[in-house]
1. Among the listed residues 64, 86, which satisfies the condition of being in contact with a Gly (Cβ under 9 Å, 6 or more places away or on another chain) and assigned to a helix (DSSP H, G or I)?
2. May I ask you to list pairs of residues, at least six apart or on different chains, whose Cβ atoms are under 8 Å apart, with the first in region 66-86 being without any contact (Cβ under 8 Å) to a residue 60 or more places away in the chain and the second being buried (at least 18 other Cβ atoms within 10 Å of the Cβ) and outside any helix (DSSP H, G or I)?
3. Given (1) surrounded by fewer than 11 Cβ atoms within 10 Å (Cβ to Cβ); (2) modelled with pLDDT under 90; (3) part of a helix (DSSP H, G or I), where does residue 165 come up short, assuming only one miss?
4. Take the residues of region 27-61 that are touching a residue at least 24 places away in the same chain (Cβ under 8 Å) and under 30 Å from residue 117 (Cα atoms): which is nearest to the chain's Cα centre (by Cα)?
5. Give the number of residues within region 18-52 that are under 15 Å from residue 5 (Cα atoms), open to solvent by less than 50 Å² (accessible area, probe 1.4 Å) and assigned to a helix (DSSP H, G or I).
6. Considering region 94-109 alone, what residues qualify as being within 15 Å of residue 135 (Cα to Cα) and either open to solvent by 30 Å² or more (accessible area, probe 1.4 Å) or among the hydroxyl-bearing types (Ser, Thr, Tyr) (or both)?
7. Just the residues that are under 14 Å from residue 120 (Cα atoms) and free of Cβ contacts under 8 Å to residues at least 40 places away in the same chain, please, taken from region 158-170.
8. Assess whether residue 69 counts as being surrounded by 13 or more Cβ atoms within 10 Å (Cβ to Cβ) and part of a helix (DSSP H, G or I).
Amino acid sequence: MAQDKEATKDCIFTALTGLMEQKEYKYITVTDIARKAGVSRMTYYRTYTSKEDILVQHFRKISQQLISEAKEDIRQALDSFFSYFQKYDNLTRVLTEADLMNVVVECFSGFTDHLYNALHPGSLNTTKARYAVRYESGGLFSILIGWLSGSAEESPQEMSEIALNILRGE
């Protein structure tokens, strides 16, 4: 049953992102998404409260996977972060065009909090650190967008090395 629900979520996410390649986000309706995903509107509303909720749930799931990975190896988690967005680079483009990257950044705040705390243990308890982690989160996504909108000549591993050095203050 849980597998069916995850498969439905994946279909709905894929439908939304596919539709975003065809028309502006604000003109995409729940009916459009349900039809493209092959689900009923009732199934859609059992799973999501809004179009944005589709993105939020998907990216929070990815963020949680990266947090788990980062607990073992920060560099590998950053490799996975850059690899994911490289694999779905068109998704980053349509999210940027729809002015939705702020939603993505917020969904990954747990991941960036974890990275910051792992690199600067115990520092999240200060006011300065709470803002520094937001600053570094924005920077990480700015690097990502710059990399993907450019030629993306560097590998995800090279990008994770660059990001890790910046996060460490090197």
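1. On the way: 86 fails: in contact with a Gly (Cβ under 9 Å, 6 or more places away or on another chain).
Of 64, 86, the one residue that is in contact with a Gly (Cβ under 9 Å, 6 or more places away or on another chain) and assigned to a helix (DSSP H, G or I) is 64.
2. 66/108
3. Result: residue 165 passes all but (2).
4. Looking only at region 27-61, we keep the residues that are touching a residue at least 24 places away in the same chain (Cβ under 8 Å), and these are 37-39, 43-44, 47-48, 51-52, 54-60.
Checking which are under 30 Å from residue 117 (Cα atoms) leaves us with 52, 54-60.
Values: 52: 13, 54: 12, 55: 8, 56: 8, 57: 10, 58: 8, 59: 4, 60: 7 Å.
My answer is 59.
5. Taking region 18-52 as the starting set, the residues that turn out to be under 15 Å from residue 5 (Cα atoms) are 34, 37-48.
When the remaining residues are screened for being open to solvent by less than 50 Å² (accessible area, probe 1.4 Å), the result is 34, 37, 39, 43-44, 47-48.
Within this subset, residues satisfying the condition of being assigned to a helix (DSSP H, G or I) are 34, 37, 43-44, 47.
Residues flagged as under 15 Å from residue 5 (Cα atoms), open to solvent by less than 50 Å² (accessible area, probe 1.4 Å) and assigned to a helix (DSSP H, G or I) within region 18-52 amount to 5.
6. 102, 105, 106, 109 - these are the residues of region 94-109 that are within 15 Å of residue 135 (Cα to Cα) and either open to solvent by 30 Å² or more (accessible area, probe 1.4 Å) or among the hydroxyl-bearing types (Ser, Thr, Tyr) (or both).
7. Residues of region 158-170 under 14 Å from residue 120 (Cα atoms): 164-170.
Selection gives 165, 166, 169, 170.
8. On the way: surrounded by 13 or more Cβ atoms within 10 Å (Cβ to Cβ): yes; part of a helix (DSSP H, G or I): yes.
Yes, satisfied.
The values are calculated or read from the model by the stated rules, or taken from the named source; none is laboratory data. Worth saying up front: this structure is predicted, and the values here are computed from it rather than measured. Neighbour counts are summed over all protein chains in view; Cβ atoms, including those assigned to glycine, are modelled from backbone coordinates with ideal geometry. Please note that ligands, DNA and RNA were not included when accessible areas were found on the heavy atoms of the full protein model with its side chains. Shrake-Rupley method; radii C 1.70, N 1.55, O 1.52, S 1.80 Å.
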